[in-house]
Amino acid sequence: MVMEKARDVLVIGGNRYFGKRLIARLLAAGDRVTVLNRGSSAPPAGAVHLIADRDDEDALRAALGPRTFDVVVDQVCYTPRQAAIARRVFTGRTARYVMTSTVEVYEHEDSPALVSEAAVDPLGVTVDLELPWDRPEFLDAHYGEGKRQAEAVFAAVGPGFPYTAVRVAHVLGGADDFTGRLEHYADRIRTGTPITVPRTNHPATYIHVDEIADFLFWAAGQDFTGPVNAASHGTLTTADLCEALAAQLPSGKVVFRTAEEDETPSPFSFARSYGMDNSRATRLGYRFTHAREWLPEAVR
């Protein structure tokens, strides 16, 4: 079921990359958009700006006041502690909660077949709120685990909390890509510097930055719950990415080197296979593009 009237939508975080594209889509659709962040950047014109640290429950409640929402889209929930605060604060305050999750919830999978949502059931994930989630180095090293446990908090049995967790594939495209991952490859191709890859380098699923913004906008207006994979059709290998980049860098050269034991390979090169099956979203009515359709423009 798609919501057709203008909605009151809260976006937590989301002021860069596909988050800002989502906000632009919501505003263009006529939704009343509120953006909540710590004040590091103002939202686009037309959105209401609330400032609070989401880790501070009292401050979050104070910033929200009596406001209620049709939809909350949470772009920056990384830990079960954050999810627990959000669940307490937003239960009864929103009709739908959309958490931006990640393909990295499948980090322990190694399947030649594309992985469905059932591979990680949030109801079966153990939540440990006492882990040092507030330490940046711990959080960086446990990114996938933090997202798994956050999903588990939202999925737990209790007072009604209609949520979905959008498990986002690796995102490519846009001149504002802040990750530097494609630039890593472009720099090496320009100079002929070897690109370090695992001995067995598996393909992965990807999604274009505009497509994930479209998907989140679509998901906000649906009524399904639980996890859903968001990935363009098809898989790409490191060689596919480098071939597309090399087409834009005719004087460059692609050279691969096998990583030594315990050596970190280049980004977007994977020693395990955990590409995502997007069948659930397709059955629910979303029409994905194919990754090879948008790859040339994304790297250009």
- Note on the structure: Selection over region 60-80 where residues are among the small types (G, A, S) and closer than 20 Å to N15 by Cα yields a count of 1
- Sort out which residues of region 124-136 are surrounded by fewer than 17 Cβ atoms within 10 Å (Cβ to Cβ) and within 18 Å of A86 (Cβ to Cβ), and write them in order of number. D128, L129, D134
- Task: Just name the residue that is nearest to Q222 (Cα to Cα) out of those in region 108-123 that are at pLDDT 95 or above and open to solvent by less than 50 Å² (accessible area, probe 1.4 Å).
- Result: E117
- Item | Candidate set: region 180-215, residues that are basic (K, R) and over 19 Å from the mean Cα position of the chain (by Cα); chosen: the one farthest from R21 (Cα to Cα) | R199
- Kindly indicate whether S273 is in a loop (DSSP other than H, G, I, E, B), touching a residue at least 12 places away in the same chain (Cβ under 8 Å), open to solvent by less than 20 Å² (accessible area, probe 1.4 Å) and touching a Pro at 6+ places or on another chain (Cβ under 9 Å). yes
- When you scan region 90-193 for helices (runs of 4 or more DSSP H) that lie fully inside it, which ones turn up with 2 or more residues that are free of Cβ contacts under 8 Å to residues at least 40 places away in the same chain? 136-141, 181-191
- Query: Is it true that G14 is in a helix (DSSP H, G or I) and within 23 Å of I207 (Cβ to Cβ)?
  - Reply: no
- Condition broken by G158, with the remaining ones in (1) open to solvent by less than 60 Å² (accessible area, probe 1.4 Å); (2) within 18 Å of the chain's Cα centre (by Cα); (3) not β-branched (V, I, T) satisfied: (2)
- Query: Within region 255-265, can one find any residue that is surrounded by 13 or more Cβ atoms within 10 Å (Cβ to Cβ) and touching a Phe, Trp or Tyr at 6+ places or on another chain (Cβ under 9 Å)?
  - Reply: no
- Message: Take the residues in region 137-155 that are surrounded by 15 or more Cβ atoms within 10 Å (Cβ to Cβ) and of a type in the set (G, A, S); name whichever of them is farthest from L236 (Cα to Cα).
- Response: A155
- Message: Anything in region 76-107 that is among the aromatic types (F, W, Y) and open to solvent by 20 Å² or more (accessible area, probe 1.4 Å)? List them, or say none.
- Response: Y78
- Which condition breaks for V76 when tested against (1) touching a Phe, Trp or Tyr at 6+ places or on another chain (Cβ under 8 Å); (2) touching a residue at least 40 places away in the same chain (Cβ under 8 Å); (3) of a type in the set (A, V, I, L, M, F, W, C)? (1)
- Note on the structure: Per the list (1) crowded, with 16+ Cβ neighbours inside 10 Å; (2) touching a His at 6+ places or on another chain (Cβ under 8 Å); (3) of a type in the set (A, V, I, L, M, F, W, C); (4) modelled with pLDDT under 95, residue check on I207 breaks on (4)
- Over region 20-71, the set of residues of a type in the set (V, I, T), open to solvent by less than 60 Å² (accessible area, probe 1.4 Å) and either assigned to a helix (DSSP H, G or I) or free of Cβ contacts under 8 Å to residues at least 60 places away in the same chain (or both) is I23, V33, T34, V35
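The values are calculated or read from the model by the stated rules, or taken from the named source; none is laboratory data. Computed from a prediction, not measured in an experiment: that's the story for all the values here. Because the Cβ atoms are built from the backbone with ideal geometry, glycine has one as well, and the counts that use them run over all protein chains shown. In case anyone asks, the SASA skips ligands and DNA or RNA and just uses the protein heavy atoms, side chains included. Shrake-Rupley method; radii C 1.70, N 1.55, O 1.52, S 1.80 Å.
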